[in-house]
Amino acid sequence: MAKRTSRSMSKTLTDVAKKLAKSKRMRKGTIALRLTGKRGGDFCLSCTPGHVPALLEESSVGPHLIEIIGDAGRIESILAGRKNARKQFLAGGIRIRGDIRYLSDLAMDLGILDEPI
């Protein structure tokens with residue numbers, strides 16, 4: 001059962017990666033997700049502008065541009081648009097390390113945020 005939920009998160013992140021490929025703001029580097037809970041695990045999006053980011057299930061590679069830490073269900077709900085990203089961030093529901101402005105820009109491109117953080 002844990003593998004099934006991990007596949008669910010992988011699918012969500014693969015969908016996000018396809019959308020990120022269209023972002024003109026995407027930079028070369030990695031975005032790490034350290035997710036806890038039933039759908040948890042360490043994931044990494046290896047980004048190159050103009051390409052669909054590669055999804056890796058190991059986030060220990062290199063320094064990351066952004067690291068997102070939180071409950072997998074909560075992060076998945078944010079990525080799917082079911083929870084408000086700004087409210088979750090400000091309430092302490094997720095932690096961010098790295099370039100928050102860059103994350104804000106990408107979230108705007110994905111439609112996760114209506115206005116920058």
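Taking the Cβ-Cβ separation of LEU56 and ARG101 as r and a Förster radius of 22 Å, what is the calculated FRET efficiency to the nearest 0.05? Using R0 = 22 Å, I get an efficiency of 0.35.
Pairs of lysines in segment 2-110 whose Cα atoms sit within less than 16 Å of one another amount to 6, provided the residues are eight or more positions apart or on different chains.
How much of the DSSP bridge set in segment 26-117 is antiparallel, in percent, rounded to the nearest 5? Bridges in segment 26-117 are about 70 percent antiparallel.
Evaluated with a Cβ-only charge set (Lys, Arg +1; Asp, Glu -1), segment 53-92 carries a dipole of roughly 400 debye about its Cα centre, given to the nearest 20.
Report, in deg cm²/dmol and to the nearest 500, the calculated mean residue ellipticity at 222 nm for the chain, where each DSSP H run with n ≥ 4 adds -39500 (n - 2.57) and the sum is divided by the residue count. Write out the running numbers ahead of the final one.
Details: 4 runs with 44 residues, N = 117.
When only DSSP H runs of four or more count, the value is -11500 deg cm²/dmol.
Grouping the Cα pair distances of segment 2-110 into 10 Å bins from zero gives a pair-distance distribution of 15, 52, 31, 1 percent in increasing distance order.
Normalising the average separation of contacting C-alpha pairs (under 8 angstrom, six or more residues apart) by the number of residues puts the relative contact order of segment 5-96 at 27 percent.
Using the Cβ atoms and a cut-off under 9 Å, what net charge is assigned to the surroundings of ASP42, where Lys and Arg are +1 and Asp and Glu are -1? Let's see the in-between values first.
Values: positive: ARG34; negative: GLU57, GLU58.
Local charge sum for ASP42: -1.
The dipole here belongs to the chain: it is taken about the Cα centre, uses +1 on the Cβ of Lys and Arg and -1 on the Cβ of Asp and Glu, and is about 280 debye.
Ranked by how many other Cβ atoms sit within 10 Å of their own Cβ, fewest first, the residues LYS11, LYS38 fall in the order LYS11, LYS38.
Each value in this text was obtained by applying a stated rule to the coordinates, not by laboratory testing. In this text, all values refer to a predicted model and were calculated from it rather than measured experimentally. Positions of Cβ are backbone-derived with ideal geometry, glycine not excepted, and every protein chain shown enters the neighbour counts.
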